[in-house]
Each structure stands twice: as C-alpha cells, then as structure tokens.
C-alpha cells in the first residue's frame, strides 16, 4: 500500500493548502527527478545556505533560476552543439538540458546566484520576520501596573 489519504485532516484544517500540495507531490511516485546535474546543499551558519550545482559547459544565458510558490526552479538549456559543425569522436561532457526543483521552507529567500569554475552557486538565507521572532517580556513592578479606570464612581 503506497497511498496515504490525508483528506480527513485537511477537511478541518484551514490554511494548510501548501502543505497538502507538498505531501501530494512527495507521495506521487511518477515525479522522480534525475540525478543530473550533481549538486551540494551547504549550510554556512545558522541562517545561511548555499546550493552548488555542477553546470560545466553552460553559460549564464543558458541558465534560468526562478522562485514560485516556495519552489526554487533551476533550468539549463543549451542550443544544439552540432549547429557549429562540430563532430564529436567522444562526448563525455553532458550537454543535455535539465530542470532541478527545490522546495524551500518558510522564510527562506534566494539572495543571489553566481557561476564560477563550472559551478552555479545559489545563496539562500532564512529571514524570519520580527513578529515571528521570540521576544522577551519584561516583568514590571507596581509602577508599571495599569491602574483601573474609575467611571462614575465605580472601578472597571
């Protein structure tokens, strides 16, 4: 049994649409990605991450990086190499097109991308809004205690 029905949970949960879609896409067996091109996911500190992807033979204009609905999509497309009149006796450097997808967690933002020595580096950072960060609540003495208002001789 490879199916998991989460419908009863999502019937009474509000605002979890993205999580439901993510679970559905993970459970879908037909959507497997290839292992090409190879990549690393690196952590640089508490909130900084980097994806490094081997893109030998691709130029900047051959690569497209987009973020849509917390999904980072990296596409590489090359024009046919045979257009230049090159005949390969052996072709060991793959020049095929690719698309690689990464699901980003909440508050992860793409900071930028660079290409160097055949590696595409994409910088990511977790940016937590101030309202979501823990905050310290000061405990005040009597001086900071709000006084009850007196309205028409009665305390409220």
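Just so it is clear, none of the values below were taken in a lab; they were calculated from the coordinates. Given the structure is predicted, the values throughout are model-derived calculations rather than measurements. Because the Cβ atoms are built from the backbone with ideal geometry, glycine has one as well, and the counts that use them run over all protein chains shown.
Points worth noting:
- Computed lengthening from residue 68 to residue 96, 0.36 nm per intervening residue step minus Cα-Cα distance: 7.7 nm
- Residue separation of residue 126 and residue 54 scaled by 0.36 nm, minus their Cα-Cα distance, works out to 23.5 nm of gained length.
- The modelled label-to-label distance between residue 88 and residue 113, using points 7 Å beyond Cα along the C-beta direction, is 2.3 nm.
- Using equal-weight Cα scatterers in the Debye expression, the normalised intensity of region 34-131 in log10 at q = 0.14 Å⁻¹ is -0.58.
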